[in-house]
Amino acid sequence: MVHPLRGTILVADDNSLNRKLVTSRLRAQGYDVREVEDGRQALELALHIRPALIILDLVMPVMDGIQTARILRAAPKTRSIPILALSAVAAGTERESALTAGCNGFLAKPFRAEQLLAAVAELLRHAAAAAPPPFTDVPTTPSLS
């Protein structure tokens, strides 16, 4: 069953096996997950569904994760969505490039499921704390004048 308060997570990775591993772990925890194969598809879907979190592989065809993150950060509709970068290149420069492009977190592949789930939970928690409180329908009282 999908937890309604968690929102949708968008996963962008060109490697179908990696994408399936990430999405299956997230779905097993009750997250609603949408998946795409490249950065251009990620941009299009992010603008359409406004996910709660985006998980981006950094090395993808068509548009890589760094370029995708920069565009997401520049667009008013997506600039506040947290982004978790994934990369098999664990060099410090890759991590720094991701963070400079606007990613909020970085996981080096291979990673354990617990690491992924902890990073996702942390980013969603921070995003929820930064968001304004949800609208509450307060009954109106008659005017005293």
3J(HN,Hα) from dihedral phi, segment 53-61, Karplus parametrisation 6.51/-1.76/1.60, rounded to Hz, x for glycine, proline: 7, 10, 10, 10, 6, 7, 10, 9, x
Rounded FRET efficiency, nearest 0.05, which uses the C-beta distance separating S16 from H48 and R0 of 25 Å: 0.70
Long-range amide H partners of V33 with built H, under 5 Å: I9
For I55, residues with placed amide H under 5 Å, excluding near neighbours: L10, V11, A12, L84
Net +/- balance of residues flanking R79 in space, Cβ distance below 12 Å, scoring K and R +1, D and E -1: +4
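Since every read-out is calculated from the coordinates, none of them should be taken as a lab result. These numbers were taken from a predicted model, which means no experiment stands behind them. We place every Cβ from the backbone using ideal geometry, glycine too, and count neighbours over all the protein chains shown.
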